[in-house]
Amino acid sequence: MKKISLLGATGSVGTQTLAILREHPDQFALVAMAFGENIQTALPLIHEFKPALIAVKNKQVADRLKIHLDPSTRLVYGIEGMIEAAVHPDSDLLVNAVLGSIGLEPTLAAIEAGKTIGLANKETLVTAGHLVMRRAKKFGVPILPVDSEHSAIFQSMQGQDRSAVSRIIITASGGSFRDKTREELAGVTVKDALNHPNWSMGAKITIDSATMMNKGLEIIEAHWLFDLPYEKIDTVIHRESIVHSLVEYADHSVIAQLGCPSMLVPIQYVLTYPSRLTLKQTKTLNLSEIGSLHFQKMDMHRFPCVSLAYHAGKTGGSMPTVLNAANETAVQAFLAGKITFLDIERYVEMALTNHHVIKAPELKTIEAVDKETRAFVKEQIN
C-alpha cells in the first residue's frame, strides 16, 4: 500500500487526488494532509480518510478545527506545519497541489527526506527550478508531473531515447477568451474570466488560463522537468483539449498522449507510476464522436504573457521568480476588482522591467525577490 502526504487537499487537484484514493482504498492511504482554511470542505475528508497529521493555514484555523478532531490526530499550522506534513515519516509520496510559491519549501524538505514528489504546484519550479532539480538529483528523488500537459510529455517519453527529443509541443485550450480580440478584452469581468470552456479549476489557475500565463509558467516548468532549452519548447492552441501535449523526435516522429479532459488521469499516473489503474470516473475517448481536432499557432501579440514567460525563462536567474510573484499579485488584485483584466499583463511586464537580475539565486534570495516583487506591484496598483 502506498502512503500519501497531500498538500492543498481541499483544492481541485487535492479533492480529485482523494477521489482516486477513495476508488482504490486497497492501494493507498492518506497519512498527512494540508489545507488553508476551508474547514467545511476539509472536515468530511478528514473523517473519511483519517490522516494522522493535519496542517492548516494558521493558529486561528487550527483552534476552530481542533474541536472536531480525534485527540490522537496531530494538528499543526503555518509553513512549518506544511513542511511537517510534506515530510511525514510514514509517507512514500508527496502530492503538492497547493497554489503559489508557498509550495517551494515543503517540496525542498520532502526531497531531502527522500519522498517521491508528485508536483502540481507550477510555482515551485518556476521560482526555483534550479534549486529543486539540483536537490532532486542529489538525493535521487523523482519529480513526477501532475499537470496534464507535463504528464502527457512524460508519458510520451516512456521507453524513448531522451537524447533523440527534438522538441516538445505544449497544447493550450486558449482559455475563457480565446475567441475575443484584444480590443474586446478591455471590459471583461471576473465572472467572464472564470468561465473556462473545457476545464473545471480553481479561480487563480482559471485566470492564468485566460491570460495564457499558465502556459507561460508551464513552459518554464517544462524546461526544468525535461532538461530542455527553451528553443525546443513550443506551444500550440488546441481548442478541444484532447491532445494534451506532444513530443517530436529526431526522425520527426511525434508521440502524443490523448484523452478526454480530466485531471484524474495524470493524478492517477503519478500515484501509480509506472503502472496504471482502472478509473471508473473517466470517459472513453471516442474520436469518431469528436469528428475533428483543431490547432492554431500561438499568437504572442494576442497572448503577451507567453512572450513574457519566454523572456523570463531565457533570462533565468531571479527573473522567473519576479514573473510568478508579479502575476500572483496582479491576479489577486483582478479577482478583488482592483484592476482590469488587461492590467494583469501590464503589471507583470512592469515588474520584469524594473528588476535587476540575480544569477543563480539561493533560497533566501528567491524569498526576498518574491517579497520585493509583490510589494512593488501592490505599490503600483495602489
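Annotations for the structure displayed:
- Of the residues examined, ALA42 is one that is more than 19 Å from the chain's Cα centre (by Cα), open to solvent by less than 10 Å² (accessible area, probe 1.4 Å) and within 24 Å of THR206 (Cβ to Cβ).
- Enumeration of residues in the range 351-381 that are of a type in the set (A, V, I, L, M, F, W, C), touching a residue at least 60 places away in the same chain (Cβ under 8 Å) and surrounded by fewer than 16 Cβ atoms within 10 Å (Cβ to Cβ): ALA360, LEU363
- Identity of the residue in the range 277-301, closer than 16 Å to HIS24 by Cβ and in contact with a helix residue (DSSP H, G or I) (Cβ under 7 Å, 6 or more places away or on another chain), that ends up least open to solvent (accessible area, probe 1.4 Å): LEU279
- Hits in the range 64-74 - residues which are within 17 Å of GLN40 (Cα to Cα) and open to solvent by 60 Å² or more (accessible area, probe 1.4 Å): ARG64, LYS66, ILE67, HIS68, ASP70
- Comparison of ILE46, ILE20 shows that the only residue that is modelled with pLDDT of 95 or more, of a type in the set (A, V, I, L, M) and within 16 Å of MET263 (Cβ to Cβ) is ILE20.
- Scanning the range 177-194 for residues that are open to solvent by 30 Å² or more (accessible area, probe 1.4 Å) and small (Gly, Ala, Ser) returns ALA186, GLY187.
- Yes/no for GLY129 being in contact with a Phe, Trp or Tyr (Cβ under 6 Å, 6 or more places away or on another chain), open to solvent by less than 10 Å² (accessible area, probe 1.4 Å) and either aromatic (Phe, Trp, Tyr) or farther than 23 Å from ASP92 by Cβ (or both): yes
- Annotation note: of LYS280, LYS314, the sole residue that is farther than 25 Å from LEU6 by Cα and of a type in the set (Lys, Arg) is LYS314.
- Of the strands (runs of 3 or more DSSP E) lying entirely inside the range 1-77, those containing at least 2 residues that are farther than 23 Å from LEU144 by Cα are 53-56, 74-77.
- Residue within the range 162-181 that is within 16 Å of VAL146 (Cβ to Cβ) and in contact (Cβ under 8 Å) with a residue 12 or more places away in the chain present: yes
- Among residues of the range 86-101, those that are of a type in the set (A, V, I, L, M, F, W, C), under 24 Å from LYS137 (Cβ atoms) and either part of a helix (DSSP H, G or I) or open to solvent by 30 Å² or more (accessible area, probe 1.4 Å) (or both), counted: 2
- Residue list for the range 210-245, restricted to those being over 24 Å from THR181 (Cα atoms), crowded, with 22+ Cβ neighbours inside 10 Å and either without any contact (Cβ under 8 Å) to a residue 12 or more places away in the chain or among the charged types (D, E, K, R) (or both): GLU221
- Each residue in the range 112-146 was checked for being of a type outside the set (A, V, I, L, M, F, W, C), assigned to a loop (DSSP other than H, G, I, E, B), under 21 Å from ILE205 (Cα atoms) and at pLDDT 95 or above, and 0 of them qualify.
- Tally of residues being among the acidic types (Asp, Glu) and within 18 Å of LEU271 (Cα to Cα) across the range 147-190: 2
- Selection count, the range 302-312, where residues are open to solvent by less than 10 Å² (accessible area, probe 1.4 Å) and over 14 Å from ALA326 (Cβ atoms): 2
The values are calculated or read from the model by the stated rules, or taken from the named source; none is laboratory data. In this text, all values refer to a predicted model and were calculated from it rather than measured experimentally. FYI the Cβ positions are ideal-geometry reconstructions off the backbone, even for glycines, and counts take in every protein chain you see. Side chains included, ligands, DNA and RNA excluded: accessible areas come from the protein's heavy atoms. Shrake-Rupley method; radii C 1.70, N 1.55, O 1.52, S 1.80 Å.
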